[in-house]
């Protein structure tokens with residue numbers, strides 16, 4: 001049985017540790033609240049560029065020696081900036097944790113941010129930005145977020161050409177000093193570990209971390225509207241954005257179950273109506289998303305131009321029909337699906353460390369899988385249908401990308 | 001370490017059943033691994049393997065398409081299927097109490113109804129799937145390079161078929177292909193996770209008792225790589241997409257592990273030689289190397305993506321790095337780091353029952369034996385520089401195909 005403990009250090013760093021005694025591996029995720037949302041408007045893309053720059057040497061090691069030291073511990077790593085935060089994740093054998101965290105502490109607190117690496121990082125950022133043009137689905141969904149949020153939650157993680165070009169080493173170093181720090185940050189560790197020992201190691205390496213912090217950015221949305229991006233593609237990309245329940249809300253899991261009923265398995269409503277009955281698409285799905293204090297549901301499909309109108313209509317109708325409630329059989333399927341998903345996520349140290357870190361950031365607390373399961377099971381048919389009566393899924397932001405507009 | 005035990009048995013109809021049992025796991029995964037894919041298709045049926053994979057979800061004699069979808073979801077299963085050049089795999093993972101029901105569903109699906117009306121509507125879905133990839137320059141690049149590299153060899157065929165071949169497909173062709181390829185001697189039923197072997201085997205035998213015996217041979221025509229250079233413009237690309245394809249090792253050869261480690265040394269995303277040469281310098285956005293294993297051969301794929309203005313510089317840098325690698329080999333430190341990283345990856349590949357199922361099922365389908373992840377890990381950790389040198393002595397990168405997909409130049 002997995003055991004979860006949490007602690008907040010004096011410097012504000014929050015720690016979640018879940019031991020999985022059967023697991024031979026360990027994964028950790030460090031989440032720092034540095035993301036597109038707190039990039040100054042003229043410095044969009046700063047969080048993304050900083051993340052790349054941090055890897056170019058830290059503490060006593062230059063970039064190559066640093067990478068070699070991580071490899072010498074067999075560490076599999078992933079990192080990246082997103083809307084609200086930057087995460088650094090690593091998977092390794094438990095005996096290497098002390099040495100690994102020493103390296104990550106250097107990365108976060110003593111990065112070199114060397115001058116000569118700056119231009120290559122800018123070139124990389126420009127290429128990442130340009131590559132979005134070649135990924136129609138990503139391009140549309142990014143733009144959809146941008147249209148829906150008036151607040152900086154809509155800012156592109158990749159930044160903009162002008163902002164990337166205007167960045168300088170000094171400006172970006174100031175951003176690092178201003179924004180990287182333990183307050184609001186989280187480290188979550190899961191795997192075959194001794195929690196007491198792990199906690200000591202975290203305190204040793206990150207207990208003295210001090211630094212900047214970020215102000216909470218309030219969410220503001222625009223008035224729902226439609227837009228079209230003209231581009232020569234085989235398929236028309238269709239994206240809808242609905243306001244949904246914020247994380248931590250009483251109805252949060254009712255809304256999650258609604259999303260599963262819409263798009264969980266192959267018997268879900270969108271898959272059945274859009275793909276199975278009508279053969280309109282290969283891919284269609286609804287994905288719940290959230291930022292602190294705000295929840296949203298994005299719905300996506302792609303289809304050839306002559307069928308785009310019908311596809312959009314069916315998608316909207318299926319979602320609108322939620323107002324009539326869901327059946328017991330649907331709710332049962334959604335619940336058993338979420339339950340199985342939780343159990344299977346619990347098998348993976350990578351999945352757990354990522355979820356714990358995100359939960360702690362979004363909700364201000366980390367939850368065990370048992371806690372989440374209990375919340376899911378508490379949603380009765382009466383409760384979910386009551387929720388659907390008061391929360392109507394109507395009036396979305398609608399975006400399309402393709403040779404011609406759908407209507 | 002996780003305590004696992006392996007079992008295998010061949011049923012009277014020829015179906016091989018295997019299981020890696022882990023009593024500590026919280027879930028159980030089941031999969032049918034059918035040794036068939038686009039390379040086994042005959043002229044006029046390109047794309048039939050993948051089309052059939054879709055149709056398998058459309059119901060059986062006793063189940064409608066809706067029944068299939070609904071039953072998976074009633075068990076809370078995590079399930080799907082995929083088709084490659086050589087394999088078609090159907091799988092699901094559930095909490096242990098649902099195992100008998102999941103096995104019944106998957107086994108029944110292996111004898112699909114293939115109804116005409118489902119066929120017509122699913123054809124539209126598959127044409128959408130093909131269109132989806134036509135909007136992705138990286139996918140277009142690999143399809144073109146694969147065609148060019150493999151030439152008249154059956155591995156040249158795209159898994160999805162083409163818009164033309166799928167549009168012309170008839171349901172009789174699916175029935176014929178199914179009859180030919182989905183025979184017990186050409187399939188493996190694999191389990192992984194928390195299950196009782198005796199019980200699972202007994203259930204499997206009962207559920208597949210009516211399947212008639214049969215084998216499905218595969219053609220292994222000789223293959224000679226066709227090195228060369230191709231450059232094509234693509235209207236949906238604004239960036240450069242390039243690949244180098246070179247001969248590697250088959251899924252049945254031990255050298256494949258050495259090849260994997262070599263790919264890591266060269267093309268690891270964080271610390272590979274190409275990363276430092278191309279990405280760290282800002283020349284390219286990505287520079288990655290994969291080793292792809294097929295039944296009778298293998299290939300190294302080098303992948304580059306980035307600013308088209310750097311096309312020539314990127315290509316020259318890769319060629320220079322490959323020359324250097326072939327001439328001077330790898331250092332002890334480099335090898336030690338790469339093999340440890342590859343070995344650690346295997347620990348995480350073994351975390352979930354689904355990833356273990358894929359590992360055990362795929363490996364067994366190719367090699368006809370069970371290799372525990374732990375044994376592979378130890379094997380990797382014992383690699384020496386001479387293993388890599390032996391592989392480099394064959395000069396794999398002398399016979400490369402280099403393929404560039406570039407934006408259309410305006411005006």
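Just a yes or no: is a residue in the stretch B:310-328 buried (at least 23 other Cβ atoms within 10 Å of the Cβ) and at the interface with chain A (Cβ under 10 Å from one of its Cβ atoms)?
No, the stretch B:310-328 contains no residue that is buried (at least 23 other Cβ atoms within 10 Å of the Cβ) and at the interface with chain A (Cβ under 10 Å from one of its Cβ atoms).
Scan the stretch B:63-86 residue by residue and report those that are surrounded by 21 or more Cβ atoms within 10 Å (Cβ to Cβ) and either closer than 22 Å to residue B:155 by Cβ or outside the structural domain of residue B:53 (by TED's automatic domain parsing) (or both).
B:83, B:85, B:86
Among the helices (runs of 4 or more DSSP H) lying completely within the stretch B:288-403, list those that include at least 2 residues that are outside the structural domain of residue B:16 (by TED's automatic domain parsing) and under 30 Å from residue B:153 (Cα atoms). Show your work before the answer.
Details: elements: B:311-328, B:332-349, B:353-367, B:373-381, B:385-393.
It comes to B:311-328, B:353-367, B:385-393.
Have a look at A:29, A:8 and point out the one that is more than 10 Å from chain B (Cβ to nearest Cβ), surrounded by fewer than 18 Cβ atoms within 10 Å (Cβ to Cβ) and farther than 16 Å from residue B:270 by Cβ.
Working: A:29 fails: surrounded by fewer than 18 Cβ atoms within 10 Å (Cβ to Cβ).
One residue alone meets the criteria, A:8.
Of all residues in the stretch A:117-163 being within 20 Å of residue A:52 (Cβ to Cβ) and in a loop (DSSP other than H, G, I, E, B), which is nearest to the chain's Cα centre (by Cα)?
So, considering only residues that are within 20 Å of residue A:52 (Cβ to Cβ) and in a loop (DSSP other than H, G, I, E, B), the one nearest to the chain's Cα centre (by Cα) is A:157.
Can you name every residue in the stretch B:90-120 that is assigned to a helix (DSSP H, G or I), within 13 Å of chain A (Cβ to nearest Cβ) and in contact with a strand residue (DSSP E or B) (Cβ under 9 Å, 6 or more places away or on another chain)?
Taking the stretch B:90-120 as the starting set, the residues that turn out to be assigned to a helix (DSSP H, G or I) are B:96-109, B:116-120.
Okay, now just the ones that are also within 13 Å of chain A (Cβ to nearest Cβ), so B:96-99, B:101-102, B:105, B:109, B:117-120.
Hits for the stretch B:90-120 are B:96, B:98, B:99, B:101, B:102, B:105, B:109, B:118.
Kindly provide the set of residues from the stretch B:10-40 that are part of a loop (DSSP other than H, G, I, E, B), more than 17 Å from the chain's Cα centre (by Cα), surrounded by 22 or more Cβ atoms within 10 Å (Cβ to Cβ) and more than 14 Å from chain A (Cβ to nearest Cβ), ordered by number.
Matches in the stretch B:10-40: B:15 only.
In this structure, does residue A:338 turn out to be crowded, with 20+ Cβ neighbours inside 10 Å and within 14 Å of chain B (Cβ to nearest Cβ)? Walk me through it before giving the result.
Details: crowded, with 20+ Cβ neighbours inside 10 Å: yes; within 14 Å of chain B (Cβ to nearest Cβ): yes.
So residue A:338 passes the test.
Among the residues of the stretch A:232-240, is any more than 30 Å from residue A:2 (Cβ to Cβ) and more than 14 Å from chain B (Cβ to nearest Cβ)?
Of the stretch A:232-240, the ones more than 30 Å from residue A:2 (Cβ to Cβ) are A:232-240.
Pick out the ones that are also more than 14 Å from chain B (Cβ to nearest Cβ) and you get A:239-240.
So far as the stretch A:232-240 goes, yes, one or more of its residues are more than 30 Å from residue A:2 (Cβ to Cβ) and more than 14 Å from chain B (Cβ to nearest Cβ).
Look at the stretch B:121-152 and say how many of its residues are more than 14 Å from chain A (Cβ to nearest Cβ), crowded, with 20+ Cβ neighbours inside 10 Å and either more than 28 Å from residue A:132 (Cβ to Cβ) or more than 21 Å from the chain's Cα centre (by Cα) (or both).
2
(1) within 14 Å of another protein chain (Cβ to nearest Cβ); (2) within 26 Å of residue A:272 (Cβ to Cβ); (3) assigned to a helix (DSSP H, G or I): which one isn't true of residue A:353, the others all being true?
So residue A:353 meets the others, but not (2).
Do we find a residue being closer than 30 Å to residue B:344 by Cα, assigned to a helix (DSSP H, G or I), within 14 Å of chain B (Cβ to nearest Cβ) and modelled with pLDDT of 95 or more anywhere in the stretch A:276-283?
Taking the stretch A:276-283 first, the residues closer than 30 Å to residue B:344 by Cα are none.
So far as the stretch A:276-283 goes, no, none of its residues is closer than 30 Å to residue B:344 by Cα, assigned to a helix (DSSP H, G or I), within 14 Å of chain B (Cβ to nearest Cβ) and modelled with pLDDT of 95 or more.
The values are calculated or read from the model by the stated rules, or taken from the named source; none is laboratory data. Since this is a predicted model, take the numbers as computed values, not measurements. Glycine gets a Cβ as well: all are built from the backbone with ideal geometry, and neighbour counts include every protein chain shown.
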